[in-house]
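Here the structure is laid out as structure tokens; the discussion comes afterwards.
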Amino acid sequence: MRHLKAFFSSVPKYLLWAVLSTLFWLWIFTILNDAPAEKKVTLYADVPVLADPGLSVCLEQDLPEGIRMVRAHSFSYVMFGDAALTGADIFIVKGSDAERYRESFAPLPEAFAKRYPDALSVNGSPSGIRVFDAETGTGAACSYITYAEPGTAAEDYYLFFGAESLHCGRQDTAAYRIAELFLQLP
């Protein structure tokens, strides 16, 4: 009986060690499986459902030089604060939300603006490429993204480049290559 009582009195200590050990190994796993922002292109989509890591894996099939990985996340991935969002390279958002996030968007590069003359204007310049047409129900990467939940009205979605992105001309143009790959996905 004494041994059983001693064991149960130590359970909180064992649980604490188990939690700390788990957190430590998760931290190690993250370090080993992540890349610094300079080597990673990030895409954030404000959509109901995003196949993660499926979209990331698909976009990593043809990485630009100097890039080790692509990470695609839904906005819900960023739970506390928006610090991760401000440095994102590519955004996918509803046309009706474009004004809300306008400070995070860069104008389209001239090459994209010429290819997509119907681009959505934000801050007075072409900024967003339509990736989902609500009227036809077609768009880019529909195999990986659910743009409209059943029973709700569909909206047009647009691709924007991040104003603070390292990969939109500040360091390189890798985000443009990943965006082109995204736009070609079925």
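Here are the numbers for this structure:
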{"item": "Degrees separating the helix 2-32 axis from the principal Cα axis of the chain, which is the longest one", "result": "30"}
{"item": "Proximal lysines relative to Lys40, as straight alpha-carbon distance under 21 Å, when same-chain residues fewer than 8 apart are discounted", "result": "none"}
{"item": "Helical mean residue ellipticity (222 nm; -39500 (n - 2.57) per DSSP H run of 4+; nearest 500) of the chain", "result": "-9500 deg cm²/dmol"}
{"item": "In sequence order, calculated HN-Hα J values of segment 40-55 (Karplus, 6.51, -1.76, 1.60; Hz; x Gly/Pro)", "result": "9, 9, 10, 10, 10, 10, 8, 10, x, 9, 10, 6, 10, x, x, 5"}
{"item": "Per residue, in Å², the accessible surface of the chain once ligands and nucleic acids are set aside, probe 1.4 Å", "result": "60"}
{"item": "Scattering curve values for the chain, log₁₀ I(q)/I(0), Debye with Cα scatterers, q = 0.17 Å⁻¹", "result": "-1.08"}
{"item": "Lysines whose Cα lies under 22 Å from that of Lys13, excluding same-chain neighbours fewer than 8 positions away", "result": "Lys5"}
{"item": "For Asp118, solvent-accessible area (1.4 Å; no DNA, RNA or ligand), Å²", "result": "100"}
{"item": "Sparse-neighbourhood loop sites, GluC sites (Glu not before Pro) in segment 1-90 - DSSP loop, at most 10 other Cβ within 10 angstrom", "result": "Glu65"}
{"item": "With every protein chain in place, the chain: carbon and sulfur % of accessible area (1.4 Å)", "result": "58"}
{"item": "The chain: angle of helix 174-184 to the longest principal axis, Cα-based, in degrees nearest 10", "result": "80"}
{"item": "Euclidean distance of C-alpha centroids, segment 1-15 and segment 101-147, integer Å", "result": "60"}
{"item": "Probe 1.4 Å - accessible area at Lys39, Å² to nearest ten", "result": "80"}
{"item": "Unit charges on C-beta of K, R, D, E only; dipole of the chain, Debye", "result": "1040"}
{"item": "Mean Cα-pair separation over length for the chain, i.e. relative contact order, pairs under 8 Å, 6 or more apart, %", "result": "24"}
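The values are calculated or read from the model by the stated rules, or taken from the named source; none is laboratory data. All values derive from a computational prediction rather than experimental measurement. Every residue, glycine among them, receives a Cβ derived from its backbone with ideal geometry; neighbour counts consider all protein chains shown. Ligands, DNA and RNA are excluded from the accessible area calculation, which covers all protein heavy atoms including side chains. Shrake-Rupley method; radii C 1.70, N 1.55, O 1.52, S 1.80 Å.
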